[in-house]
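Okay, structure first, notes after.
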Amino acid sequence: MATYPMIDTHKIVSPDEWLVLRRELLAREKELTRQRAAVDAARRALPWVRVGKNYVFDAPEGKVALADLFQGRSQLIVQHFMFGPGWNEGCVGCSFKSDHIDGALPHLEHHDVSFVSVSRAPLAEIEAFKKRMGWRFRWVSSYGSDFNYDFHVSFTPEEIAAGQVYYNYKTQPFEVEERSGDSVFYRDETGQIFHTYSAFGRGDEMLVGAYMYLDLTPLGRNETGPRYNLMDWVKHHDRYEGSAGASSCCHDHDPTGAGPLRAKVEGHKETA
C-alpha cells in the first residue's frame with residue numbers, strides 16, 4: 001500500500017541547491033565508511049577465546065559436533081535464532097534476517113566461511129518451520145546442550161526466576177527465555193576452535209539487507225508505532241497476504257501456550 005508524506009512538510013529546492021547539500025552529505029557518508037572500516041579492523045584484531053567444551057547438536061544426519069559445522073572451512077558464523085522448545089513458530093525478527101541468508105551462502109562458502117543457524121527448539125520443530133519458510137541454509141538444534149546458555153541467548157529457570165539475565169554484555173531485566181544474536185568462530189589446522197566475536201541487539205542490524213535499502217528511501221523504516229520497531233510492520237514472509245492477526249514470538253503472544261509473555265522489543269531494534 002502506498003503512503004504519501006505531506007509534500008509541504010519537506011523542503012523543495014533547485015537542482016543546484018540540491019547538489020550542494022548532496023555533496024555535504026557525501027562527505028559525511030565517506031567519513032562513516034572510513035569509520036566502519038576502522039571498526040571492522042578493530043573487530044578482526046580482537047583476541048580470541050579457545051572453545052574448550054565439546055558442544056553437540058542435533059542435525060538431520062544425526063549428532064554433530066561444533067567442529068562438524070565448519071564443513072571443512074576455517075570460519076563459521078552462527079546465527080542464534082530465537083526458537084524455543086514448543087514454540088509454534090520462530091521469531092519474526094530472526095525470520096526477517098534469515099530471509100537474507102540463502103542468496104549470500106554461495107559467496108560465503110566460496111570465501112572460506114560456513115553458516116549455520118542454531119536454536120534450542122527440537123530438530124523436528126525446526127525442520128517443520130524451515131520447510132514452511134522455504135529456507136535452505138543449515139539449521140541445527142542445541143536442545144539438551146549448554147551452547148545457548150553459554151553464549152547467553154537462552155536463560156535457565158533460575159535466571160528467569162531471579163528476574164535478571166546476562167545479555168548483550170550486561171545484566172538486564174528478563175523479558176523472554178530466548179534472545180537473538182550472531183557468533184563467529186575460527187578453526188585452525190590442528191582442529192582447535194576459537195570464539196572470535198559475538199553481536200547481539202542491534203549489533204547485527206547490518207545483516208538485514210531490507211533495512212539497508214529502506215534507509216535510502218524518503219520514508220526510511222517508517223516504524224512509527226505502536227512499538228517503534230520492526231514489530232510495527234514485519235511479518236513472516238508467508239503472512240503478508242491476509243492473516244492480519246498473525247502472531248509472533250517476539251511480541252505479546254506466548255508461543256509455548258503457557259501464558260502471556262511480557263511485550264518484547266526485538267533484538268534488532270534495541271538501543272545498543
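The values are calculated or read from the model by the stated rules, or taken from the named source; none is laboratory data. These numbers were taken from a predicted model, which means no experiment stands behind them. Backbone-built Cβ (ideal geometry, glycine too); neighbour counts: all protein chains shown.
Inspect all residues belonging to segment 17-34 and state whether any of them is surrounded by 17 or more Cβ atoms within 10 Å (Cβ to Cβ) and either closer than 26 Å to E178 by Cα or of a type in the set (S, T, N, Q) (or both). Looking for residues that are surrounded by 17 or more Cβ atoms within 10 Å (Cβ to Cβ) and either closer than 26 Å to E178 by Cα or of a type in the set (S, T, N, Q) (or both), one finds none in segment 17-34, hence no. Inside segment 201-232, residues that are surrounded by 12 or more Cβ atoms within 10 Å (Cβ to Cβ), out of contact with any strand residue (DSSP E or B) (no Cβ under 7 Å at 6 or more places or on another chain) and under 22 Å from E175 (Cα atoms) make up a count of 11.
For segment 175-201, the tally of residues that are part of a strand (DSSP E or B) and either within 15 Å of R50 (Cβ to Cβ) or of a type in the set (G, A, S) (or both) stands at 13. The residue that is nearest to M206 (Cα to Cα), counting only those in segment 60-71 that are surrounded by fewer than 16 Cβ atoms within 10 Å (Cβ to Cβ) and in contact (Cβ under 8 Å) with a residue 24 or more places away in the chain, is Q71. Listed by position, the helices (runs of 4 or more DSSP H) contained in segment 87-136 that have at least 2 residues being without any contact (Cβ under 8 Å) to a residue 40 or more places away in the chain are 105-109, 123-133.
Which members of segment 83-102 meet the condition of being out of contact with any Cys (no Cβ under 8 Å at 6 or more places or on another chain) and more than 14 Å from W139 (Cβ to Cβ)? Of everything in segment 83-102, those that are out of contact with any Cys (no Cβ under 8 Å at 6 or more places or on another chain) and more than 14 Å from W139 (Cβ to Cβ) turn out to be P85, G86, F96, H100. Restricting segment 137-174 to residues that are among the β-branched types (V, I, T) and touching a residue at least 40 places away in the same chain (Cβ under 8 Å), the residue that is surrounded by the fewest Cβ atoms within 10 Å (Cβ to Cβ) is V140. From the list D238, D204, the lone residue that is closer than 22 Å to Q79 by Cα, at pLDDT 50 or above and not in a loop (DSSP other than H, G, I, E, B) is D204. Among the residues of segment 47-59, those identified as assigned to a loop (DSSP other than H, G, I, E, B) and surrounded by fewer than 10 Cβ atoms within 10 Å (Cβ to Cβ) are P47, G52.
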